[in-house]
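The values are calculated or read from the model by the stated rules, or taken from the named source; none is laboratory data. Here the structure is a predicted model, which means the values were calculated and not measured. Note that we place each Cβ from the backbone using ideal geometry, even for glycine, and neighbour counts take in every protein chain shown.
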Number of protein chains: 4
Amino acid sequence: MSWNTFGRVLRYTSWGESHGPALGAVVDGCPPGLALSEADIQPFLDARRPGQSKFTTQRREPDQVKILSGTFEGKTTGTPISLMIENVDQRSKDYSEVAKAYRPGHADYAYEAKYGIRDYRGGGRSSARETAARVAAGAVARLVIPEVTITAYVAEIGGDAVDPANFDAAEIGNNPFFCPDAKAAKRWEALVDEARLAGSSLGAVVECVASGVPAGWGAPIYAKLDADLAAAMMGINAVKAVEIGAGFGAARLSGEENADEMRPGEDGPEFLSNKAGGIAGGISTGQPVVCRVAFKPTSSILTPRETITSEGEATEISTKGRHDPCVGIRGTPVVAAMMALVLADHKLLHRAQCG
Amino acid sequence: MSWNTFGRVLRYTSWGESHGPALGAVVDGCPPGLALSEADIQPFLDARRPGQSKFTTQRREPDQVKILSGTFEGKTTGTPISLMIENVDQRSKDYSEVAKAYRPGHADYAYEAKYGIRDYRGGGRSSARETAARVAAGAVARLVIPEVTITAYVAEIGGDAVDPANFDAAEIGNNPFFCPDAKAAKRWEALVDEARLAGSSLGAVVECVASGVPAGWGAPIYAKLDADLAAAMMGINAVKAVEIGAGFGAARLSGEENADEMRPGEDGPEFLSNKAGGIAGGISTGQPVVCRVAFKPTSSILTPRETITSEGEATEISTKGRHDPCVGIRGTPVVAAMMALVLADHKLLHRAQCG
Amino acid sequence: MSWNTFGRVLRYTSWGESHGPALGAVVDGCPPGLALSEADIQPFLDARRPGQSKFTTQRREPDQVKILSGTFEGKTTGTPISLMIENVDQRSKDYSEVAKAYRPGHADYAYEAKYGIRDYRGGGRSSARETAARVAAGAVARLVIPEVTITAYVAEIGGDAVDPANFDAAEIGNNPFFCPDAKAAKRWEALVDEARLAGSSLGAVVECVASGVPAGWGAPIYAKLDADLAAAMMGINAVKAVEIGAGFGAARLSGEENADEMRPGEDGPEFLSNKAGGIAGGISTGQPVVCRVAFKPTSSILTPRETITSEGEATEISTKGRHDPCVGIRGTPVVAAMMALVLADHKLLHRAQCG
Amino acid sequence: MSWNTFGRVLRYTSWGESHGPALGAVVDGCPPGLALSEADIQPFLDARRPGQSKFTTQRREPDQVKILSGTFEGKTTGTPISLMIENVDQRSKDYSEVAKAYRPGHADYAYEAKYGIRDYRGGGRSSARETAARVAAGAVARLVIPEVTITAYVAEIGGDAVDPANFDAAEIGNNPFFCPDAKAAKRWEALVDEARLAGSSLGAVVECVASGVPAGWGAPIYAKLDADLAAAMMGINAVKAVEIGAGFGAARLSGEENADEMRPGEDGPEFLSNKAGGIAGGISTGQPVVCRVAFKPTSSILTPRETITSEGEATEISTKGRHDPCVGIRGTPVVAAMMALVLADHKLLHRAQCG
């Protein structure tokens, strides 16, 4: 099956391949009357854009978004918003080897097994270029939830984690790693460069915090806020794990330690901790919504790996194209976008049922 | 919002509260002609049933399932299968305190904030009793995927993990912990009993492996097999984290280490490792589908915790009802059921598009 | 495929066969805090109940509804509302002939062709008994739209139409035909009785008017209010046509005649006519929503008809069970229920997007 | 709400306004491996294209479709197919009057009431230009159901019907009316021209027949084949009524007359009539699927009509833009496209459940 629509009442449908003429997203269900122009979307795409440092792929894509429908005189009309990003820097010649054999760890083999046909150029539909559509759609979703502030950053690369004591949100935009710890960012320069030069790649952990989410968003039992977030994050290219709040750590706490005790506060309850990551019973509690997302290392690496050809013969492959040595880095704006999309959808869903 | 339907073409809708007359699930989209009677469902419910050892809640529920529709002469007809389980051992008197104040870590406050009304008896709809409906529905889903074998077990309780060297699938049914390591099971007896007697509770990690899944199931981009699994697992009561394959560990591997190299095999490719957990690009690869799920410790504990009343006053609460000292244990059959439901749905979805 | 859920945010899932132990509906997404008890539902079921006159089937079903979940202390909690109606008067012996051969015009053959298995007792899932679940769910939907008044009535039986000049809403409940014209009701007594005694059956046209619907409900382009109504009505057993407003008549009007001219009114615009039936562009205009629905004559008739057996042999069949001589009559409360379900869903959908 | 996606497993999402830069559709869930190029789609768009005779709007739109994604080397890959049609001949100056007042019978007022903002240029999203996206998507759907032949034609304009005795499918393409009766086509020339010159407009009835549909497609109870068709057709701009098979006529038949008797045939049963229009119990019977659709006269007419301004003041309006004197004519390829989309979706749905 193919299922390229995300969301329940605020929905978006993405399309496009790495080496086709363009990619895009259609955002449907957006409230009317919101001010929206390309300028509201472009900064988020710019943050995700490749080729901005030696630590990301050297493919040069301006990723200029065009709004093709859904606005009138600078405002959303409530009709579907079609966003398009043209592909500019495709180089199909790089991919001849991928046409013949499957990259281990990549989606090549699975797509072939499923569909019996595969656009191998740049990974086709399985390329992380698709996440540009998510980021564009996420920028629209942000307009739906002005009360929410979303912060995403890389917390760990190749096992080297930031020091929470050094956390400084202002640092996130100051380095090519979305790193909130200036010292870690310094270390990562060497770490990522080393992997890049070695023809290897690194994994990463991205954290995302949404503050300002009021208590009450979420749709139990089967569209819980955390369940929808888990799907949203796990569906990002290269993601292999998702935690909410204390996550796996919660499995090692006692009931007393894990309880987020409450005291009366100025505006509703005050919580003494946030092990729950802002979600209980699938519903937001009013605390910040916190999730952690694990990205595997890029599958496309220069180091040769054993594999098979599409005819089933043994061979070796080394991927020579332009690739991110650590996909988790550019995954950061994508994580933030998915957070925005899930929250905006749940805001509208909550309003539907509870007014 | 309230969203009590799960799945895309094989869908089920669950209903019921902890202390209502009954709970149930309506399974829709099931292929016709499958042999189905209560006897196909009951063993799975029995595995999840409370009151079977001192390590689980002492609530006595026979959890007898009745099939109210969807079969004829012992076979599914393709019409919706209504499954009902009557509640027998509700004791509403136990819950007077919960009516007045919110249990920290529990869904009490979030439900109240969302709906402005809350069935506090036994947690109402947020009770883990709802998972009986999942297990019943999962038993039907298993009939749809006879080619798949699903094994779920507890891998860790309160930070004490099984030793992979001791893994013995035959042990899982031999102890009250679904533990595949006889030595760990022995240790857990003391561990869980201690927590129980101390009025505390423990978290757990559950692992689930589905073998026999052919390559090609999954629906990219927004209903990827791993994304749907993540939602399915994260939506289970008390779950806070989900990993596929190497999960967070993948974020610490190099690209070479993480690549699941392939060799030609008897029936399609042979993989030299399974870091991917059987899923690449959201599509099954033919390897076992592997996931790990973290359960937080039970929120309802005897140890008093600070909280607020529904009027917003400061108070303390200790939950005196009958509760599982470790919800992860009985969560194990639920994890297996959700795995079955996701896989069965994707088998049918794949068939829809690819024949 | 089997698809037993209706609606988008206010959704209900129905289940059950004519001769199973029970049938029911699970209503999901209902706003919390609405007063709801069986007494709010039963009158609508009573209106649809069989065996109340000689003009409907003689099957005796009390159709007592039970609420199994979703309410607490007499109010909806926002969780799924499970409604169950037990079948009491099944007589399977009546159906032996139907087991062997297909009733012309009935769903027998189509179900067999689709599923390869068929619960032939009373038509199984294709029985109009399923509409009891719709009526029960519709009663819940009405609570969501207290601003709306829904009136449904039979406008025509066997080609004999009411005279609009005689229309009296108060008459609808005074005769066994939901007929708003006392004179027509008198004529229909003879007409329907004649058909019944002749072992024949008659078709009918039902009209339904919903007043009080504010302007703005509807979800263009593919969930327009009229498109959803058309699906809702066409999906009722035996329905073969649906009109909104002037319907087929609009195809014979000039643009000038069809234009519903507007004048300024006390509360928004005043329309000089309602050819549109209260819907333009898929969105309600504030005028009454009007639809007309055609029911074919009951397929189960005593008069022998040529058919084939399930082995494909030629035979004749005459259906001896207890059947409505005119299914359109008892279809009237069903039409009203579907109107309520569509409008309630769209009220919530509108609130989701537009606040 | 806004809901611009149609279908269940074969889904498409349309976007675009009359006077925006482009419009389009994203077709998702299409089986892989089907030969597809622009040449497969263009002929259907050409049939719907405006400006080809004096009997349709004089807007000149080449309606050239571009495939932006979802194919590789001329074949579908199973990923979303993005189709785009650029708008060429917008003349916004024509619409100044519509900006200020609502056209009676048009969606102007309803959109304003719903969204509080309205792209009045050419009707914005409510323009029949949106149906180009349906036609393009429908062309893809046809590739999914090569076993089916779809024929659509105008059966009646302004109350003047074709004579079934003159029916000649070969005539449909020979006149500007999609008329299968050469004599009627002749009469309609005068009829439509007269309406056009008078600044008026006419309604029409379109019939559509799909032959080759095997028995078994359809998804009871709430996604019946006829229910989905009814929604598909009623959702087309200007449609006010839908009939399946005998439709309203069935309400005037006796049970004997309405029964489609069966005899054993070469390949399955042979039906002696097709009052059911090829659908029973929401499932196809193997007979041709037949529906009739009523189009109201175009709302945009030159003759002045009473209306109100957006400030609520009384005024008169006459619409001077370029409009179809009879929208039903160009609605014919749209009806055929919606038939294809519904059938293709149900073919895949059926395969999902029943293999």
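Across the stretch B:275-284, which residue is surrounded by the fewest Cβ atoms within 10 Å (Cβ to Cβ) among those that are facing another protein chain (nearest Cβ under 8 Å) and in a loop (DSSP other than H, G, I, E, B)?
B:LYS275
For the stretch A:21-29, state whether one or more residues are assigned to a loop (DSSP other than H, G, I, E, B), out of contact with any His (no Cβ under 8 Å at 6 or more places or on another chain) and within 23 Å of A:ASP89 (Cβ to Cβ).
Yes, there is a match, as at least one residue in the stretch A:21-29 is assigned to a loop (DSSP other than H, G, I, E, B), out of contact with any His (no Cβ under 8 Å at 6 or more places or on another chain) and within 23 Å of A:ASP89 (Cβ to Cβ).
What residue, of C:GLU130, C:GLU147, C:GLU112, is farther than 30 Å from C:GLY278 by Cα and either out of contact with any Phe, Trp or Tyr (no Cβ under 9 Å at 6 or more places or on another chain) or in a helix (DSSP H, G or I) (or both)?
C:GLU112
When you check D:GLU156 against the structure, is it part of a strand (DSSP E or B) and among the acidic types (Asp, Glu), yes or no?
yes
Got at least one residue in the stretch C:28-36 being out of contact with any Asp or Glu (no Cβ under 7 Å at 6 or more places or on another chain), away from chain D (no Cβ under 14 Å) and buried (at least 24 other Cβ atoms within 10 Å of the Cβ)?
Scanning the stretch C:28-36, I find at least one residue that is out of contact with any Asp or Glu (no Cβ under 7 Å at 6 or more places or on another chain), away from chain D (no Cβ under 14 Å) and buried (at least 24 other Cβ atoms within 10 Å of the Cβ), so the answer is yes.
Exactly one condition in (1) touching a residue at least 60 places away in the same chain (Cβ under 8 Å); (2) over 19 Å from the mean Cα position of the chain (by Cα) is false for B:THR149; which is it?
(2) is the only condition that B:THR149 fails.
Please specify each residue of the stretch D:115-127 satisfying the condition of being assigned to a loop (DSSP other than H, G, I, E, B) and within 9 Å of chain C (Cβ to nearest Cβ).
Residue satisfying the conditions is D:GLY116 alone.
What's the number of the only condition in (1) of a type outside the set (Lys, Arg); (2) crowded, with 19+ Cβ neighbours inside 10 Å; (3) in contact (Cβ under 8 Å) with a residue 40 or more places away in the chain that D:GLN90 fails to meet?
Just one mismatch for D:GLN90, condition (2).
Conditions tested, residue by residue: (1) of a type outside the set (Val, Ile, Thr); (2) farther than 30 Å from A:THR76 by Cα.
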{"residue": "A:GLU130", "(1), (2)": "yes, no"}
{"residue": "A:VAL144", "(1), (2)": "no, no"}
{"residue": "A:ALA165", "(1), (2)": "yes, yes"}
{"residue": "A:PRO180", "(1), (2)": "yes, yes"}
{"residue": "A:GLY199", "(1), (2)": "yes, yes"}
{"residue": "A:LEU202", "(1), (2)": "yes, yes"}
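Among the residues of the stretch B:277-314, write down those that are basic (Lys, Arg) and in contact with a Leu (Cβ under 8 Å, 6 or more places away or on another chain).
Across the stretch B:277-314, the qualifying residue is only B:LYS296.
In the stretch A:180-214, how many residues are of a type in the set (D, E, K, R) and outside any helix (DSSP H, G or I)?
Adding up the residues that qualify gives 2.
Yes/no per residue for (1) at the interface with chain C (Cβ under 9 Å from one of its Cβ atoms); (2) in a strand (DSSP E or B); (3) at pLDDT below 95:
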{"position": "D:PRO297", "(1), (2), (3)": "yes, no, no"}
{"position": "D:ILE301", "(1), (2), (3)": "yes, no, yes"}
{"position": "D:GLY312", "(1), (2), (3)": "yes, no, yes"}
{"position": "D:LYS320", "(1), (2), (3)": "no, no, yes"}
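Which residue pairs have Cβ atoms closer than 9 Å, lie 6 or more positions apart in sequence or on different chains, and pair a first residue in the stretch A:244-264 that is more than 7 Å from chain B (Cβ to nearest Cβ) with a second residue that is among the basic types (Lys, Arg)?
What qualifies is A:GLY249/A:LYS275; A:GLY249/B:LYS240; A:GLU257/A:LYS275.
Yes or no: the stretch B:189-204 includes at least one residue that is among the hydroxyl-bearing types (Ser, Thr, Tyr) and farther than 24 Å from B:PRO297 by Cβ.
no
Could you please find all residues in the stretch A:91-109 being under 18 Å from A:GLY312 (Cβ atoms) and part of a helix (DSSP H, G or I)?
A:GLU97, A:VAL98, A:ALA99, A:LYS100, A:ASP108, A:TYR109
Does C:THR13 count as free of Cβ contacts under 8 Å to residues at least 12 places away in the same chain, buried (at least 19 other Cβ atoms within 10 Å of the Cβ) and not basic (Lys, Arg)?
No, not satisfied.
What number of residues in the stretch D:236-274 are buried (at least 24 other Cβ atoms within 10 Å of the Cβ) and either within 24 Å of the chain's Cα centre (by Cα) or outside any strand (DSSP E or B) (or both)?
Result for the stretch D:236-274: 17.
Mind checking which residues of the stretch A:25-43 are under 24 Å from D:VAL27 (Cα atoms) and either in contact with a Gly (Cβ under 6 Å, 6 or more places away or on another chain) or basic (Lys, Arg) (or both)?
Selection gives nothing.
Filter the stretch C:208-227 down to residues that are within 19 Å of D:GLU130 (Cα to Cα) and either of a type in the set (Gly, Ala, Ser) or facing chain D (nearest Cβ under 7 Å) (or both), then give me how many there are.
9
Considering only the stretch C:106-146, state which residues are within 22 Å of C:LEU341 (Cβ to Cβ) and among the charged types (D, E, K, R).
C:ARG125, C:ARG129, C:GLU130, C:ARG134, C:ARG142
Looking only at the stretch A:69-87, count every residue that is in contact with a Ser or Thr (Cβ under 9 Å, 6 or more places away or on another chain), part of a loop (DSSP other than H, G, I, E, B) and modelled with pLDDT of 95 or more and tell me the total.
So the count comes out to 7.
Given the options A:ALA161, A:ALA132, A:ALA198, A:ALA184, name the one that is over 21 Å from B:GLY249 (Cβ atoms) and small (Gly, Ala, Ser). Give the steps one after another, and end with the answer.
Values: A:ALA161 fails: over 21 Å from B:GLY249 (Cβ atoms); A:ALA198 fails: over 21 Å from B:GLY249 (Cβ atoms); A:ALA184 fails: over 21 Å from B:GLY249 (Cβ atoms).
Only one candidate qualifies: A:ALA132.
Right, D:THR298: of a type outside the set (A, V, I, L, M), touching a residue at least 40 places away in the same chain (Cβ under 8 Å), surrounded by 24 or more Cβ atoms within 10 Å (Cβ to Cβ) and closer than 24 Å to D:ASP108 by Cβ or not? Please lay out each step first, then the result.
On the way: of a type outside the set (A, V, I, L, M): yes; touching a residue at least 40 places away in the same chain (Cβ under 8 Å): yes; surrounded by 24 or more Cβ atoms within 10 Å (Cβ to Cβ): yes; closer than 24 Å to D:ASP108 by Cβ: yes.
Yes, satisfied.
In this structure, is C:GLY268 under 30 Å from D:GLY116 (Cα atoms), facing another protein chain (nearest Cβ under 7 Å), touching a residue at least 24 places away in the same chain (Cβ under 8 Å) and not charged (D, E, K, R)?
no
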